[in-house]
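Where a number appears in this text, it was derived from the coordinates with a stated rule and is not lab data. Just so we're clear, the structure is a prediction, and the values are computed from it rather than from any experiment. Using ideal geometry, Cβ is built from the backbone for each residue, glycine included, and neighbour counts are taken over all protein chains shown.
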Amino acid sequence: MKAKVAVPVALGLVLAAGAATWLVVESRTEPAAPAGSVPTADVAVRDLTRTEKLSGVVAYQDMRDLSSAQSGIITELPSPGADLVNGDVLMRINDKPVVLLNGVVPAWRDLKPGITDGPDVHQLESALLALGFGKPSASYPDDDWSQKTTDAVKQLQKKVGAEDDGVLSLGDVVFTEGNVHIAKLNAHEGGMTSPSAPVLTVQSTDRVVSVDLEPLDRDLVEVGRAVEVELPSGDRAPGKIESVGTTLEMNSDNKGVFKVTITLDAPDQVNGLALAPVTVHYVATVAEQALSVPVSSVIGVAGGGNAVVVVAPDGTTKQVPVKLGEWGDGFVQVTGDLPVGTKVEVPL
C-alpha cells in the first residue's frame, strides 16, 4: 500500500492554508482486509456545525445620560451601582426631590390641574397606578387630568417628602422607560446643575452578556440563535443572540470588534455578577447539507493532497482523492468520487 502521512498534520496544513488542492493519485486496489480490522463510516450529507467559545462579560444595557429640567444646587445623589425603580427619588435639587417615574414621553411641561389632555398625563397616571395610587377605572388612567390624578399626585408627594399640593412642576419628575441602574455620577453634591447638564449616566437594570467579536468570526454569528453562557460557578444559563453590531468598535485593548449582545432566558441567574467574566458556548452552522466524512478518515498522501480509503462491499480498499471544504465538530466537507453511503476507513 502507498505511504500515508499522519492525518492530523496533513489536514491541519490544508485547513491552515485556507484552500485545498486536487491530487491525482494512482487508484490502487488492495486485497481485502480481515473483517472488522479497521472501523468504517458512511459518506453522508449533513449540516456541519462547530461549537465556538466566546469570551464575554455580564453587563447592563442601554447606557444614557439623565438630567433635570431644574436649575439649582444638587443636595443629594444616588450611589453608583444602585438600582432605582418607579417612584424612587432620583436626586434632590435645592433639597427638593426629583422622582423617577416609568414612561417613554419626556416631561416637557408642568403637570397640574387644568392642563390640556395628552399622552404625558396618561403615562403619569399609569406610573402612579403602578405605585398603588388610585384605582383603575374607565377614566383612570386616561389622557385627561381629573381629581383622581390630583389625589394620586398628592400621595406620591407625601411618599417622597415633597409638598403635597397636587402639582408637579417641570423638573419634579423624570420619566424613563423602565427602571435604571446608576452607572456613574456626572456631578457632585453641592454643585450647580442646569437643564442642559447631564447629572447621571444610567443603564437598564436588565442584565445581558456582552461579547467583543473578532472580525473573522462575524459570519459565524446569527441574531436569534441559541447560546449557553457558562458562569464563573460553572453553571450554564441559556440565552439567545439579541443583536450583532454592524460596524467595528474599538474595545479596551484598542482592537476593532463587533459588539454582540446576548439576552438570558432567566436574567436572575446573573444577579450580583455585573462585569463578571463568562464563556459563551455557541453552535455555528458552517455548511448546510454538505457531503462529508469524519475528519479522522482523511489521510495525507506522499507529495501532497488528501484522500480517503474507500472500502468496497467485498472488503477491498482503494484511495480516492478528495478536496476539503468546511469542517466542524468532527466532520469535514469533501468533493470527490464519493457517492452517499460509500464506506470509508476511520483509523483509530
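What to note about this one:
- Full extension of the chain between D65 and L129 gives 20.4 nm of extra length, using 0.36 nm per residue less the Cα-Cα distance.
- Taken one residue at a time, the phi angles of the range 310-322 give Karplus couplings (6.51, -1.76, 1.60, θ = phi - 60°) of 8, 10, 6, x, 7, x, 6, 10, 7, 7, 10, x, 9 Hz. Gly and Pro are set to x.
- 222 nm mean residue ellipticity, helices alone, for the chain (DSSP H n ≥ 4; -39,500 (n - 2.57); rounded to 500): -3500 deg cm²/dmol
- Estimated distance in nm for a label pair at V283 and T51, the labels positioned 7 Å out from Cα along Cα-to-Cβ: 0.9
- If the segment from S243 to W108 were pulled out straight at 0.36 nm per residue, it would be longer than the present Cα-Cα gap by 45.4 nm.
- Going through (i) 6, 24, 34, 26, 9, 1, 0; (ii) 5, 21, 22, 16, 12, 9, 6, 4, 2, 1, 0, 0; (iii) 5, 18, 18, 16, 13, 9, 8, 8, 5, 1, 0, the figure that equals P(r) over Cα pairs in 10 Å bins from 0, in percent as computed for the structure here is (iii).
- Amide H within-cut-off set for E326, under 5 Å, with H built and near neighbours excluded: Q333
- Tensor-based shape of the range 191-348 (alpha-carbon gyration tensor, a/c under 1.5 rounded, otherwise prolate or oblate): prolate
- L170/E326 FRET efficiency (R0 41 Å; Cβ-Cβ; nearest 0.05): 0.10
- Rounded to the nearest 20, the Cβ-based charge dipole of the chain about its Cα centre (Lys and Arg +1, Asp and Glu -1) stands at 1040 debye.
- Listed residue pairs exceeding 29 Å between alpha carbons, taken from K154/K184; K96/K259; K148/K184; K96/K135; K96/K148: K154/K184; K96/K259; K148/K184
- Cα→Cβ-extended label distance, 7 Å offset, between E177 and A276, nm: 2.9
- If the chain linking M250 and V223 were pulled fully straight, counting 0.36 nm for each residue of separation and taking away their Cα-Cα distance, it would gain 7.6 nm.
- Along the range 79-95 the Karplus relation, 6.51 cos²θ - 1.76 cosθ + 1.60 evaluated at θ = phi - 60°, assigns HN-Hα couplings of 7, x, x, 6, 9, 10, 10, 3, x, 7, 7, 7, 6, 10, 10, 6, 6 Hz to successive residues, with x for each Gly and Pro.
- Shown in residue order for the range 258-263 are the 3J(HN,Hα) couplings computed by the Karplus curve 6.51 cos²θ - 1.76 cosθ + 1.60 at θ = phi - 60°: 9, 7, 10, 10, 10, 9 Hz (x for Gly and Pro).
- Distant-in-sequence amide H partners of M91 (H built 1.01 Å from N, under 5 Å): V98
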